[in-house]
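These notes concern the structure reproduced below.
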Amino acid sequence: MFLRVQSEAKKGTSDPVEVKPVANDGAFVSQPQSQPQSRPQEAGPSYRPTDAKAGQYTELKMALHQRLLDMINLSVIDRMEPEEFRREIGEMVRELLLEENRPLNLSERTQLVDDILDELLGLGPLEPLLKDNTITDILVNGYANVFVERAGLLEHTPVTFKDDRHLLRIIDKIVAAVGRRVDESSPMVDARLADGSRVNAIIPPLAVDGPLLSIRKFAKIPINMDTLVEFGSLPATFAELLRGIVRCRRNVLISGGTGTGKTTMLNAMSAFIDERERIVTIEDAAELQLQQVHVARLETRPPNIEGKGEISQRELVRNALRMRPDRIIVGEVRGGEAFDMLQAMNTGHEGSMTTIHANACRDALTRLEQMIGMAGFDLPARSMRGQIASALHVIIQIERMSDGKRRLISLNEITGMEGEVVTMHEIFKFRRRATDADGTIHGEFVATGIRPQFMNEFETRGIEVSPDMFEPNRSME
């Protein structure tokens, strides 16, 4: 199998690589006395040469990339073994560097080959960030500024793209893989990577200073409830209570702001669902990582270039009711689908779950009421609140605090209606005690002293939790 294009006419017809000469200071060019640099590690790589040489390195890489596209038989790439492909690309890069009188040492050439492979097969400069398991978010503000989030805190990286066109090419590569598009007529798009990581892109003219790209990475190994306990998001006894809530088929609404971990909590709680149940998931961009076998995943579809063919979450919720689901999980309610979701919860699909953007449990109910209005029905306020009160049982509030940690700060049970007000009781809350000079927050999870009504359901289903955990001001461990 030949990777090179088998045509002598191609040979030597490409324009030479036009790059500015690099000073012989050891940044890229071999030095007799220099030691080979170590390869970047997966968790905490040194990504690229920095500062003055970064632009010249990027220019060299992109020029070689274009030359290689002329030399490579693209039709055989998918049929080649990765090591064979890497070896042949490495040999081609060595030849091109010799043609341009650009000797590199082994470490530098290996890094250059890795970067070119990322351009050919992956997402270019983003690949090292995607492989770094310590990173949870990648935020690209134009071609020259790339930020990441580690441990809940943002930091700037030396990663750059050559220019806006280079960044746009990477964005096009991402969205095309899931059958979506982004251009001046449709400058915003939601998509996902192959591993489920969530992607949002917005380009000019809406993005004033150049294309903007946001990637919410998903862990290679899904985060479960034990991991959340280890991270300090909630205590172990609290995790057992959540397990009981899922097992006794209570309908759950998970509330929180952007990046607080709503989907992570939803994934963790879904692990408690019985393997014998049929689950239907509905999302704008598929990102849930349910571990059960019997899962039917549905994803919305945006309109095509003619503005036709859109399939909304609301239509998928209505269709899901015909799929014989035991539980329906909606990744996030944002509009009229909230009404259909509540209808499903009220008509036999108990144990369903969803998330919503809100800063407090009471705010979440207000937002739900507004979303029901977006469904196009002119319902009185009392009727809408009655739907909410009868459909939902538990609301969980999550917050990302100033120290970067995501914590479950409140668990509320909806108990019904009092006049025209939905009534609910807070069962547990996070009580903040102090904040260190470095921003670290100290606190504890405590019971409010109210015994939830769902404890009766626990007893009838044989789910055991200690009744002492509901004692007033009892600290949860």
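Restricting to the range 366-389, name every residue that is crowded, with 16+ Cβ neighbours inside 10 Å and among the polar types (S, T, N, Q).
Answer for the range 366-389, where residues must be crowded, with 16+ Cβ neighbours inside 10 Å and among the polar types (S, T, N, Q): just GLN387.
Output the number of residues of the range 463-472 satisfying the condition of being open to solvent by less than 100 Å² (accessible area, probe 1.4 Å) and either charged (D, E, K, R) or in contact with a strand residue (DSSP E or B) (Cβ under 7 Å, 6 or more places away or on another chain) (or both).
5
Here is a list: LEU212, LEU193. Which entry is more than 16 Å from ALA268 (Cβ to Cβ), among the hydrophobic types (A, V, I, L, M, F, W, C) and open to solvent by 60 Å² or more (accessible area, probe 1.4 Å)?
Criteria check complete, one pass: LEU212.
Before we move on, is THR263 surrounded by fewer than 17 Cβ atoms within 10 Å (Cβ to Cβ), within 26 Å of SER410 (Cα to Cα), in contact with a strand residue (DSSP E or B) (Cβ under 9 Å, 6 or more places away or on another chain) and at pLDDT below 95?
no
Consider VAL246 carefully, then state whether it is among the β-branched types (Val, Ile, Thr), out of contact with any Leu (no Cβ under 7 Å at 6 or more places or on another chain), without any contact (Cβ under 8 Å) to a residue 12 or more places away in the chain and not in a loop (DSSP other than H, G, I, E, B).
no
Would you pick out the residues in the range 301-334 that are of a type in the set (Val, Ile, Thr) and modelled with pLDDT of 90 or more?
If the condition is that a residue be of a type in the set (Val, Ile, Thr) and modelled with pLDDT of 90 or more, then ILE311, VAL317, ILE328, ILE329, VAL330, VAL333 are the ones that fit.
For the range 390-400, give me the residue count where each residue is open to solvent by less than 50 Å² (accessible area, probe 1.4 Å) and within 16 Å of LEU342 (Cα to Cα).
5
Kindly provide the set of residues from the range 128-156 that are crowded, with 18+ Cβ neighbours inside 10 Å, among the charged types (D, E, K, R) and part of a helix (DSSP H, G or I), ordered by number.
none
Which residue, of ASP363, ASP403, ASP438, is open to solvent by less than 60 Å² (accessible area, probe 1.4 Å) and either under 30 Å from the mean Cα position of the chain (by Cα) or in contact (Cβ under 8 Å) with a residue 60 or more places away in the chain (or both)?
ASP403
Where residues in the range 215-227 are free of Cβ contacts under 8 Å to residues at least 60 places away in the same chain and not in a loop (DSSP other than H, G, I, E, B), which of them is most open to solvent (accessible area, probe 1.4 Å)?
ASP226
State which residue is modelled with the highest pLDDT when the search covers only the range 232-258 and only residues that are surrounded by fewer than 16 Cβ atoms within 10 Å (Cβ to Cβ) and closer than 29 Å to VAL148 by Cα.
Within the range 232-258, the match that is modelled with the highest pLDDT is GLY257.
Exactly one of (1) under 21 Å from ASN133 (Cα atoms); (2) assigned to a helix (DSSP H, G or I); (3) not β-branched (Val, Ile, Thr) is unmet by GLY196. Its number?
All conditions are met except number (2).
I'm told LEU365 meets every condition in (1) of a type in the set (A, V, I, L, M); (2) modelled with pLDDT under 90; (3) assigned to a helix (DSSP H, G or I) except one. Can you identify the failing condition by its number?
Among (1) of a type in the set (A, V, I, L, M); (2) modelled with pLDDT under 90; (3) assigned to a helix (DSSP H, G or I), the lone unmet condition for LEU365 is (2).
With the condition kept exactly as written, say whether any residue in the range 304-322 is assigned to a helix (DSSP H, G or I) and closer than 20 Å to MET225 by Cβ.
Scanning the range 304-322, I find no residue that is assigned to a helix (DSSP H, G or I) and closer than 20 Å to MET225 by Cβ, so the answer is no.
The values are calculated or read from the model by the stated rules, or taken from the named source; none is laboratory data. Every value quoted in this text rests on a predicted model; they were computed, and no experiment measured them. Cβ atoms come from the backbone with ideal geometry, glycine included; neighbour counts cover every protein chain shown. The protein model used for the area step is the full one, side chains on, heavy atoms only, and it has no ligands, DNA or RNA in it. Shrake-Rupley method; radii C 1.70, N 1.55, O 1.52, S 1.80 Å.
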